[in-house]
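Each remark here refers to the structure printed beneath this line.
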Amino acid sequence: MSDERWMRHCLELALQAAGKTSPNPMVGAIVLDREGKLVGEGFHARSGLAHAEKIALEVAGRRAVGGTLYTNLEPCKHVKNRRTSPCAPVVLDAGIARVVIGQADPIRAHGGGAIWLANRGVEVVRGVLEAECKEANRAFTTWARKGRPLYVLKVAASLDGKTATRTGESKWITGPKARASGRALRARLDAIIVGVETAIIDNPRLTSRGKGMRDPVRIVLDSRLRTPPSAKLLPVNSRSRAKVIIATTEEAPRTRERRLVEAGAEVLRLPQEGRRPCLLALSEALATRGIVSALVEGGAQVHGSFLEAGLCDELRLYLAPKALGGPGHGWLGGQGIGALEEAFRLRWHGEPERLGDDILLIARPR
Ligand SMILES: NC(=O)c1ccc[n+]([C@@H]2O[C@H](COP(=O)([O-])OP(=O)(O)OC[C@H]3O[C@@H](n4cnc5c(N)ncnc54)[C@H](OP(=O)(O)O)[C@@H]3O)[C@@H](O)[C@H]2O)c1
């Protein structure tokens, strides 16, 4: 098998832990013996557990001597603040002769494993399936480099871009397949963010609701703590054990804070931008908690704020072949732009996907 095919297998292993490794990356590793026979494989299952290379090498044991190690991320070499020892020396001690790497470690302080191994006589091949490997750990890289989560904006709308009828009816615009796709997305990302109007009007649970699926941390942007203590997403009213954060400002009333804390939420007071919690301060607070990705589910005002603040790494638009008409309920609020040349510029990512009657379009910033 070629290096590309083994690396693809590595990525399949890594992705088995999708949504479970934050704030660590998803990593898979494979060990071949000197004859090219698969003798060990593994993946990093969760932060705090063993790294993929170590698992694969342990399975391989003495058969790793003179063999090849494949890994989608450069083996780490640093020791600072770590619960586990670095991998590069373990690779060397196992007697590996050749290391094939997909992507260099995006955290500079953690990198250097490839050079360290090459300097000790190990043949190192880099950049195999690099684009796919980078895509798999895009959230981790964003978090590591920008100090904020990767933000995915999700919208379900009619063909004319509406999220509700004239009377406010919004359930459901898209069909079951599109909705299931959206819920599966929740399980792969660390957090989900909505505005307080959505929390009040839709009263959503914001859970994945799939068998064995993990629920994300649920966050409501709420400057004055208007979230009702009866909201279904609050821990006392929900079966989910996922954390709920109400992101607010210093000006929000303390009495409302007490009621929400009693309902199991964490109230996070942030610096203000205008009258609202500052999104950059929120991003920093989430990154510090190891949240590397978040799904921004709306509504329109919140989508507008994230786009205007440059906090959109991907837009997922579920479009139903229906037209609702009328003046209001577009999916994107905010200030809007005056001239076309000021438009938020995006590019299509991948092909449109049919989900029953609906279509999923994905766009990313240019
Ligand atoms: N189809 C879909 O994909 C979809 C998804 C979600 C929601 N919706 C629909 O959207 C409607 C609600 O949307 P909406 O635009 O009226 O409200 P929204 O975006 O859900 O909430 C907006 C409110 O959030 C608070 N907020 C706090 N920080 C904010 C910030 N940085 N940026 C923006 N808002 C901030 C503000 O209230 P305070 O000033 O009081 O804090 C603001 O009025 C609902 O009817 C719901 O059904 C549709």
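The values are calculated or read from the model by the stated rules, or taken from the named source; none is laboratory data. Quick caveat, the model's predicted, so the values are computed rather than measured. Quick reminder, even Gly has a Cβ in these numbers, built from the backbone with ideal geometry, and neighbours come from all protein chains shown.
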Original post:
Name the residues in segment 119-158 that are under 24 Å from residue 13 (Cβ atoms), of a type outside the set (D, E, K, R) and either free of Cβ contacts under 8 Å to residues at least 24 places away in the same chain or part of a helix (DSSP H, G or I) (or both), would you?
Top reply: 131, 133, 136, 139, 140, 141, 142, 143, 144
Original post:
In this structure, does residue 292 turn out to be aliphatic (A, V, I, L, M), closer than 14 Å to residue 156 by Cα and crowded, with 19+ Cβ neighbours inside 10 Å?
Top reply: no
Original post:
For segment 171-218, how many residues meet the condition of being of a type in the set (Gly, Ala, Ser), within 20 Å of the chain's Cα centre (by Cα) and either surrounded by fewer than 18 Cβ atoms within 10 Å (Cβ to Cβ) or outside the structural domain of residue 285 (by TED's automatic domain parsing) (or both)?
Top reply: 4
Original post:
Does any residue in segment 293-306 that is assigned by TED's automatic domain parsing to the domain that holds residue 203 come within less than 6 Å, Cβ to Cβ, of a residue that is near the ligand (Cβ under 6 Å from one of its atoms) and of a type in the set (D, E, K, R) six or more places away or on a different chain, and which pairs are these?
Top reply: 299/197
**OP:** List every residue pair whose Cβ atoms sit under 7 Å apart, with the two residues 6 or more apart in sequence or on different chains, where the first one lies in segment 332-354 and is touching a residue at least 12 places away in the same chain (Cβ under 8 Å) and in the same structural domain as residue 306 (by TED's automatic domain parsing) and the second, anywhere, is part of a loop (DSSP other than H, G, I, E, B) and not hydroxyl-bearing (Ser, Thr, Tyr).
**Re:** 345/366; 346/366; 347/366
Subject >> Scan of segment 275-317 for residues that are near the ligand (Cβ under 8 Å from one of its atoms) and of a type in the set (Asp, Glu), ordered by number >> reply: 297
Original post:
Would it be correct to say that residue 221 is crowded, with 23+ Cβ neighbours inside 10 Å, under 22 Å from the mean Cα position of the chain (by Cα) and not assigned by TED's automatic domain parsing to the domain that holds residue 24?
Top reply: yes
Original post:
Just one of the numbered conditions (1) within 11 Å of the ligand (Cβ to nearest atom); (2) of a type in the set (Ser, Thr, Tyr); (3) modelled with pLDDT under 95 is not true of residue 249; which one?
Top reply: (3)
Original post:
Considering only residues of segment 166-203 that are within 21 Å of residue 238 (Cα to Cα), among the small types (Gly, Ala, Ser) and outside any helix (DSSP H, G or I), which is nearest to the ligand (Cβ to nearest atom)?
Top reply: 195
**OP:** Please work out if residue 161 is in contact with a helix residue (DSSP H, G or I) (Cβ under 6 Å, 6 or more places away or on another chain) and either free of Cβ contacts under 8 Å to residues at least 12 places away in the same chain or within 15 Å of the ligand (Cβ to nearest atom) (or both).
**Re:** no
